[in-house]
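Here's the structure we're looking at; comments come further down.
Laboratory data are not the source of any read-out in this text; all were calculated from the coordinates shown. In this text, all values refer to a predicted model and were calculated from it rather than measured experimentally. Glycine also receives a Cβ, built like all others from the backbone with ideal geometry; neighbour counts cover every protein chain displayed.
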Amino acid sequence: MQPRLTLRLIHVNCDNVHMSSHPQPQQPNPSLIFETMNAYQRTASLRGAIELDLFTAIDEGAATASELAARIRASERGTRILCDYMVVIGFLTKQGDRYSLTPDSAKFLSRRSPAYMGTAVTFLNSPLMLDSFSDVAAIVRNGGAVLTEEGTMAPEHPIWVEFARTMAPLMIMSAEAIAGIVGAESGAPWKALDIAAGHGIFGIAIAKRNPNARIVALDWRSVLEVATENARLAGVADRHVTLPGSAFVAEYGSDYDLALLTNFLHHFDEATCEILLRKVYASLKPGGRLVTLEFIPNEDRVSPPGPAGFSLIMLGTTASGDAYTFSQLEKMLRNAGFSKNELHSLPNPDQRVVVSRK
């Protein structure tokens, strides 16, 4: 009987090995659906924490729910629940009854940090931006924004003043990186055109590194007031002039050494982008360069998550905008006359920059 038992055990064990080498399919789980349906709570809670200045309070030494409640002038119960939720979604840590900032929260969400980004919530969570996605089924049926015919790209749209006032902190690292990529430290007497300048940070970064660079900032007049103030604060106002108007209509002038086209092409369809790019090409001197900053997804259009997901933002807020792959951008640039186009990575992994030469 013993040999038969041994063979039976071997047979059973082999079956187990065979089963373990073929993982069982994962069972359906509704957790992702439930979490996504409630994801608006993450957004609202983070905005609430920023408005209460919770992260700054912790950075200044308040640590328990009672200490924080007194500091932010809120109920202790509400403060405890909000802090616990910030731990759950990754913005705080907790030991016993004491809360601490994560490295990201300390750098970007405390007003004590020079890299504070809390102002961005005013634009990103503005009523207009939130309302643009109140009926996603409608914008999918329409193929673009439904609140207005042109979405946020309507002439002199007030959202861009808000953008200029609040979004600059998010762009500082990218602006500094771009200044390095184009070699602004050379000190060459550059004439640079900053198209759709907004807050003006990209042109200002060039001017700060290159004392011989002169920046021409193009945008709506009301938006340029913000860029002008930022240039004054940066100490480059004497080399920062403005050109009010539409990027498609204004007369650029000519003989630019550098043109900056940052976070702009994604608002339009490819044909419209090519019209603009031809105009930029004509404004550059021979050998001049165009710097294009964009959310650039991989060719599969579903990775990485940030750039790929940006297409939905354009669907809800513009008539025909999109997040373009590098092959799409290169095609547009080549059609406009730019034969050499180089793709560069940035510290912000969600964005990349294309440097094109005339």
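Sorted on the mean count of surrounding Cβ atoms within 10 Å across their residues, most packed first, peptides 326-339, 125-138 read 326-339, 125-138. Here, the stretch 101-200 yields an orientationally averaged convex hull projection of 9.5 nm² when only Cα atoms define the hull.
For the stretch 31-118, the alpha carbon positions stretch 38, 30, 22 Å along the principal axes, listed from largest to smallest. A simple spin-label model places pseudo-atoms 7 Å from Cα toward Cβ; at Asp104 and Met129 they are separated by 1.6 nm. In this simple spin-label approximation, Glu35 and Thr93 carry label points 7 Å from Cα along the Cα→Cβ vector, and these lie 2.1 nm apart.
So if R0 is 25 Å, what FRET efficiency would Asp84 and Ala115 give, r being the distance between their Cβ atoms, rounded to the nearest 0.05? Once the sixth-power term is evaluated, E becomes 0.45.
When peptides 193-199, 352-358, 319-325 are ranked by their average number of other Cβ atoms within 10 Å per residue, the highest-first order is 193-199, 319-325, 352-358. Charging the Cβ of each Asp and Glu at -1 and of each Lys and Arg at +1, and nothing else, the dipole of the stretch 31-118 about its Cα centre rounds to 80 debye.
Modelled spin-label separation between Leu233 and Arg42, with each label point placed 7 Å from Cα along the Cα-to-Cβ direction: 3.0 nm. Considering only Val302, Val226, Val241, the Gaussian network model of the chain with Cα springs below 10 Å gives its largest mean-square fluctuation to Val302. Ranked by the mean number of other Cβ atoms within 10 Å of their residues, highest first, the peptides 310-316, 265-271 come out as 310-316, 265-271.
Suppose a student asked you for the relative contact order of the chain, using Cα pairs under 8 Å spaced at least 6 residues apart; what percent would you report? Averaging sequence separation for qualifying contacts and normalising by length gives 12 percent for the chain. Between the alpha-carbon centres of the stretch 305-358 and the stretch 110-135 there is a gap of 23 Å. Derived from the Cα gyration tensor, the three semi-axes of the equivalent ellipsoid of the stretch 127-357 are 27, 20, 17 Å, largest first. Any idea how far the Cα center of the stretch 42-82 sits from the one of the stretch 212-238, in Å? Using only Cα atoms to place each centre, the spacing works out to 36 Å. Mean separation of Cα pairs under 8 Å and 6 or more residues apart, divided by the residue count, gives the stretch 158-224 a relative contact order of 37 percent. Stretched out straight at 0.36 nm per residue, the stretch from Ser186 to Lys285 would grow longer than its current Cα-Cα span by 33.8 nm. Helical content of the chain, expressed as a calculated mean residue ellipticity at 222 nm, amounts to -14000 deg cm²/dmol (DSSP H runs of 4 or more residues, -39,500 (n - 2.57) each, divided by residue number, nearest 500).
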